[in-house]
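Engineer: Input: one structure, supplied below.
Just so it is clear, none of the values below were taken in a lab; they were calculated from the coordinates. In this text the structure is predicted, and so the values were computed from the model without any measurement. Glycine also receives a Cβ, built like all others from the backbone with ideal geometry; neighbour counts cover every protein chain displayed.
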């Protein structure tokens, strides 16, 4: 007899592979982040598509406090969900919204590095940086967020990532850059700042890299890390072109369909 954990993971994986929406999974897997992590890891172990990186999620400190968590979490990002700026993204009723993030390309030498990862030495692992749009949502018929477990259990709630203008890494005042995401067609515009991302995006990156190393993951290639939203989860109020801008970093576009 398959356990409930096994059955639930099979349903979520099938939904992921076939781009379909299922009934909500049992709440026992979403109430606590620890249980959601078990489900996420099991689901990810069954996906054979290439992993191109990892996302940090739950990086807003007010959100961490609201849900009484100690830290964010991370999830794998698959090549099939990684798009160039301006590509179409089809949404559904379970789509939560759109986010604007700083992302970093990390050298594969990270996997063979020794010692701890600190804010002083983290730069040696970074080759490039870019703005990124993440479309977030469930593969289940449910709305809203009641816990980090809701997001974590469902592949980190990542639907698509769109990569903006890529630049060679250079040190910026990354903890205080103005950001904006807008859809002019429907007169929707939301301002933000990189200082809302778990102190700053570099600190969020360090969190993810420490977790990847602790979990003994080795992709044996360069990879991307998406550090969390600088504008929160922005509701998608209409279809059309969303343009994200991060000061000193560049722009990224998503055509919501």
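Engineer: Which one of 215, 150, 14 has the biggest mean-square fluctuation once the chain is modelled by GNM with Cα springs under 10 Å?
Structural biologist: In this elastic network of the chain, the residue with the biggest mean-square fluctuation among 215, 150, 14 is 215.
Engineer: Is segment 148-198 rounded, prolate or oblate when judged by the Cα gyration tensor, a ≥ b ≥ c being the square roots of its eigenvalues, rounded requiring a/c under 1.5 and prolate requiring a/b larger than b/c? Display every interim value, and only then the final one.
Structural biologist: Numbers: a/c = 1.62, a/b = 1.18, b/c = 1.38.
Verdict is oblate for segment 148-198.
Engineer: While we're here: So, in nm, how far is label residue 173 from label residue 241 when the simple model puts each one 7 Å beyond its Cα toward the Cβ?
Structural biologist: The two pseudo-label positions are separated by 3.1 nm.
Engineer: Next up: Where both residues lie in segment 4-256, what percent of DSSP beta bridges are antiparallel, nearest 5?
Structural biologist: The antiparallel proportion sits near 85 percent.
Engineer: Which length gain, in nm to one decimal place, applies between residue 185 and residue 21 when the Cα-Cα distance is subtracted from 0.36 nm times their residue separation?
Structural biologist: On the way: separation 164, 0.36 × 164 = 59.04 nm, distance 2.85 nm.
Result: 56.2 nm gained on full extension.
Engineer: Related question: I'm spelling it out carefully: the read-out is Cα extents along the principal axes in Å, the candidates are [x] 54, 50, 34; [y] 52, 41, 34; [z] 58, 51, 34, and one was derived from this structure. Which label?
Structural biologist: Answer label, from the structure shown: [x].
Engineer: Then there is this: Please state the relative contact order of segment 1-123 as a whole percent: Cα pairs under 8 Å, 6+ residues apart? Mind showing how you got there, number by number?
Structural biologist: Numbers: 66 pairs, mean separation 21.8, N = 123.
Contact order relative to length: 18 percent.
Engineer: Then there's this: May I ask you to derive the relative contact order of the chain, considering only C-alpha pairs under 8 Å and at least 6 residues apart, and to give it as an integer percent? Provide the component values of the computation, followed by the final result.
Structural biologist: Numbers: 571 pairs, mean separation 71.9, N = 257.
Relative CO of the chain lands at 28 percent.
Engineer: Is the shape of segment 1-117 best called rounded, prolate or oblate, per the rule: a/c under 1.5 gives rounded, else a/b larger than b/c gives prolate, else oblate, with a ≥ b ≥ c the square roots of the Cα gyration tensor eigenvalues?
Structural biologist: Numbers: a/c = 1.32, a/b = 1.19, b/c = 1.10.
Note, shape of segment 1-117 comes out rounded.
Engineer: So how do 109, 147, 153 line up by other beta-carbon neighbours within 10 Å, fewest first? Kindly include the intermediate steps, with their values, before the conclusion.
Structural biologist: On the way: 109 11, 147 19, 153 30.
The order, fewest Cβ neighbours first, is 109, 147, 153.
Engineer: When the label point is put 7 Å from the Cα of residue 222 along its Cα-to-beta-carbon vector, which residues of segment 39-73 have a backbone N closer than 16 Å?
Structural biologist: 52-54
Engineer: May I ask you to compute the full-extension gain from residue 141 to residue 93, defined as 0.36 nm times their residue separation minus their alpha-carbon distance, rounded to one decimal in nm? Let's see the in-between values first.
Structural biologist: Details: separation 48, 0.36 × 48 = 17.28 nm, distance 0.76 nm.
Going from the current span to full extension adds 16.5 nm.
Engineer: Running a GNM on the chain with Cα contacts under 10 Å, which residue among 164, 60, 240 ends up with the highest mean-square fluctuation?
Structural biologist: 240
Engineer: I want to check the label-to-label distance for residue 31 and residue 69. Put each point 7 Å from Cα in the C-beta direction and report it in nm to one decimal.
Structural biologist: 1.8 nm
Engineer: Cα gyration tensor of segment 19-80, axes a ≥ b ≥ c as square roots of the eigenvalues: rounded (a/c below 1.5), prolate (a/b > b/c) or oblate? Mind dumping the intermediate values first?
Structural biologist: Working: a/c = 2.11, a/b = 1.34, b/c = 1.57.
Taking the square roots of the gyration eigenvalues as a ≥ b ≥ c, segment 19-80 is oblate.
Engineer: Say R0 is 30 Å: what FRET efficiency, to the nearest 0.05, do residue 248 and residue 48 get from their beta-carbon distance? Display every interim value, and only then the final one.
Structural biologist: Details: r = 39 Å, r/R0 = 1.28.
Once the sixth-power term is evaluated, E becomes 0.20.
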